[in-house]
Amino acid sequence: MKWEEAADALIKRMPVDSRRKVKSRAEAAALKAGKNIVTMADVEDFCKASTGSVSHESIGFRLDACSGNGVCSNRAHGTGNDTINQLFEKIRDLLEKEDLGDFLKKPVNGPLRPHHVFRVSLSDCPNACSQPQIKDIGILAAAVPMLTEKACILCGSCENACRESAVCVDTEREIPVIDKERCISCGSCITVCPTGAIAAEVCGYRVMIGGKLGRHPRLANELQGIHDVETVLFIIKWCVDVYRVKSRRGKRFAEIVAQEKKSILSNLEQALQKNNTKKRR
Ligand code: SF4
Ligand code: SF4
Ligand code: SF4
């Protein structure tokens, strides 16, 4: 059975424990409909159905991503790239190795419930469709724009594309002017610029930690900077280690961050600095 590219990308982002089930059901549905290719439409219903029935509790974590890959023009790193899928796979491998299921089960009386599991979410742009702000760790793709030597033809596309009113085309100097304070690194101006007068200075990820819903909802705290893949993985591992040390009686990571916000954020910043120094050597 063939798979439409977007449908294949979507299923690769599904939690590992539900992927096989959804895949076989989508193929069965396509066959029943007399088709030899599985499309997004075939998958979407089963994606929704599976989200409600998957046993994330058995593996101790839940990893989600927005469905932007292959289908959404808003992606910060531009269309046609596979960066977020690769990051998704690496995070999944890391969390599987951490074996959080066993760790989380110990203090819980009875089976793990959905609110016990460690949640990580990726979004391919600041629209944040996978709600990274309310997850233990939220990751947002980001592209920081910069001006290049290439000519600006004053088409105004960048100005029109920027929803933050952070770009203004200076017709006298014949260059775009970017307001760094307003810019949220969505990458839209880079994507639409026909000449390359605006390009990406840095492509990476914004990371936020300590968000949750539940009895006492809280929004995650964003770390400074735009981080590369290795650093994102370093942050996740650091947070999981802190969680293991500090969590008592099933306390959520977000609750720990809420209670010890200042020290956790500053310790993490220090750890990141050390890690960056090590990487530069
Ligand atoms: S987060 Fe952005 S890229 Fe992902 S689906 Fe939403 S709008 Fe598209
Ligand atoms: S200037 Fe505007 S469009 Fe360009 S990256 Fe920043 S927020 Fe996005
Ligand atoms: S920077 Fe690019 S998109 Fe903006 S006006 Fe110039 S050519 Fe057009």
ask   = Under a point-charge model restricted to the Cβ atoms of Lys and Arg (+1) and Asp and Glu (-1), what is the dipole moment magnitude of the chain relative to its Cα centre, in debye to the nearest 20?
value = 1580
query = Between the DSSP loop rule and a limit of at most 10 other Cβ atoms within 10 Å, which trypsin sites (Lys or Arg not before Pro) in the stretch 124-227 are left?
reply = Arg173, Lys180, Arg215
message = From the helices alone, meaning DSSP H stretches of at least four residues, give me the mean residue ellipticity at 222 nm for the chain, per-run term -39500 (n - 2.57), in deg cm²/dmol to the nearest 500.
response = -13000 deg cm²/dmol
request  = Please identify, among Pro107, Pro145, Pro132, the residue showing maximal mean-square fluctuation in a Gaussian network model of the chain using a 10 angstrom Cα cutoff.
outcome  = Pro107
task = Project the alpha carbons of the stretch 107-172 onto their principal axes and report the range along each, largest first, in whole Å.
result = 69, 20, 12
message = Give the residue list of GluC sites (Glu not before Pro) in the stretch 64-119 that are DSSP loop and have at most 12 other beta-carbon atoms within 10 angstrom.
response = none
inquiry  = Once you order the gyration tensor axes a ≥ b ≥ c over the Cα atoms, which shape class does the chain get: rounded for a/c under 1.5, otherwise prolate or oblate by comparing a/b with b/c?
reply    = oblate
ask   = Counting only Cα, what are the radius of gyration and maximum Cα-Cα distance Dmax of the stretch 198-250, in Å?
value = 14.3, 51
key: Full-extension gain in nm, Gln131 to Leu219, via 0.36 nm per residue minus C-alpha separation   = 30.7 nm
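Quick note: the coordinates plus some simple rules give every number you see, no bench work behind them. On a predicted model such as this, the values are computed, not experimentally measured, just so you know. All Cβ positions, even for glycine, are placed from backbone atoms using ideal geometry, and neighbour counts span all protein chains on display.
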